[in-house]
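Rule-based calculations on the coordinates, nothing more; no lab input. None of the values given here were measured: they were computed from a predicted structure. Glycine gets a Cβ as well: all are built from the backbone with ideal geometry, and neighbour counts include every protein chain shown.
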Amino acid sequence: MYEGRKINFMFVTLLITNIVLQTVKSFITKHQLLDKLDQIGLAISGGKDSVCMAYLLEEMQLPFVMVHVNFGLRGTESDADALFVRTLGTQLSYCTAVYTKEVDTNAYAKDHKMNIQLAAREIRYAYFEELKSNGKITKLITAHHQSDMVETFFINLNRQSGINGLKSIPMKRDYIIRPLLAVTGQQVKDYLKQNNITHREDSSNASDTYARNQWRNSLLPKVVEHLPNFEQNTVSSIQILQQENEALTWLVQEKIAALVTHEENTLTIDSERIRTYPQGAVFLYRILDNYEFNYPQCEQILESSTSTGALFYSSTHQLLINRKTFIVQKYKTQEFSAVAIDSAGDFTLGEHTLEIKKTTELIFSNDPKEETVGISPELFPLSLRYWQEGDRIQPLGMKGSKLLSDFFIDQKINVLDKHQTPLLCKDDEVLWICGMRVSEKLRAKPGTIVYKLTMK
């Protein structure tokens, strides 16, 4: 009797293992996620999902490297995760290397003024890009499974996402692939249990602080209790949404191309034309979703499209309504102190550097970022700073002064650029709107010392 139970248990174990393995293998083949020349990386935390994927790669006899980021958010627990991953790497014969990165995520989030989750995501994906750029990997596997898809669907549904958010987690995006989307979270647990595979448990997963944990630990289990096929039916619906989204994206791509222009770090959207489109908010959301704006914001932006100067913010970007356009840039906070200038030299403010050099040549350049001026010794010290309310300038050739705010309006300089334009000043008076206009006070006259100003 005992031997019979033992044989039956072994059969069930083999069956579960084989089903998961074959399902993932077929998924990889069907969707052409890998080819023979790929250098495979596996993003691994030490948790059950990524550990399961590591063992599946081992069973498939595919050489791979492990990629682990120690975010330093759980003290010794985070260090233990990193040690577990390094040890696992030595135990799996097809794991050829383990790449690890240790970072102070709290400090990164504070420096970049973002929440911890967004900071961790930026750090993680920047490390993936670094490894890819260095030729260490050509494809990277993240161990998301079908249950993650369902959770993401409902998180985005609650955030009022459109189809682009409801399509949930894609099986591939650029070089990142997700072969574990072939199976459910329960199949992953069964695979690990039946094969007696150990993994790390993240203590934060038990907390309902994060929205994902609320769906995972409390809400979805109650639904599944009453509707046993709910998860699989939701996955099927998501897959249909993904297909519909692909078709819709193809159809609207040409229309969107006529709306937008890219220049350096700025995206410009034709606000007049988009208002002539049916469901203009849908088209706007298709553009702005990549910049972390949500659909209700897109509706508000269109409703305010004639309110020149209005600003809207996402977690990463800012949008300015500027006459007939919407201007999108990465969100920046100007918290730079004024830079004191006592003599010639190089002076840096934010992303700008002002070079001041003495010269004996009165040669005037056509380059707006270069000016040849006269600065008498008593004008020093000067300062390099950004715009402040009430700033004035006496433009070259004029007798009176003018408010900078009026100058920017006359020159059609938008609010975003106004706050990012460096100014060379003497106390409260502007001497050079760098790259635009120089003051009468800097006219090169007999007896003044001549300097060349260059803004880089």
**Complete:** Nearest-0.05 FRET efficiency for Glu272 and Glu59 at R0 = 56 Å, using Cβ-Cβ distance, is 0.45
**Item:** aspartates and glutamates with Cα under 17 Å of Lys136, excluding same-chain neighbours fewer than 8 positions away
**Value:** Asp35, Asp38, Asp174
**Span-like helix ranges in the chain, DSSP H, alpha carbon extent 15 angstrom or more, Kyte mean at least -0.5** = 2-30, 48-59, 76-91, 116-133, 146-158, 230-257
**Message:** For a bin width of 5 Å, list the pair-distance distribution of region 349-456 built from all Cα-Cα distances, rounded to whole %.
**Reply:** 2, 12, 24, 26, 21, 10, 4, 1
**Asked** Looking only at Cα atoms, what is the convex hull volume of region 284-343 per residue, in Å³?
**Response** 111
**Message:** Counting pairwise Cα distances across region 179-313, what percent come out greater than 17 angstrom?
**Reply:** 74
**Item:** region 13-240: radius of gyration over Cα atoms, expressed as a fraction of 2.2 N^0.38 Å
**Value:** 1.01
**Of Lys48/Lys167; Lys399/Lys456; Lys418/Lys452, those spanning more than 27 Å from alpha-carbon to alpha-carbon** = Lys399/Lys456
**Prompt:** Of the listed peptides 158-166, 396-404, what is their order by residue-averaged count of other C-beta atoms within 10 Å, with the highest listed first?
**Reply:** 158-166, 396-404
**Item:** Over the chain, equivalent-ellipsoid semi-axes from the Cα gyration tensor in Å
**Value:** 57, 27, 19
**22 Å Cα-Cα threshold exceeded, pairs from Lys357/Lys426; Lys132/Lys172; Lys110/Lys132** = Lys110/Lys132
**Message:** To the nearest 20 Debye, how big is the dipole of the chain about its Cα centre, given +1 on the beta carbon of each Lys and Arg and -1 on that of each Asp and Glu?
**Reply:** 480
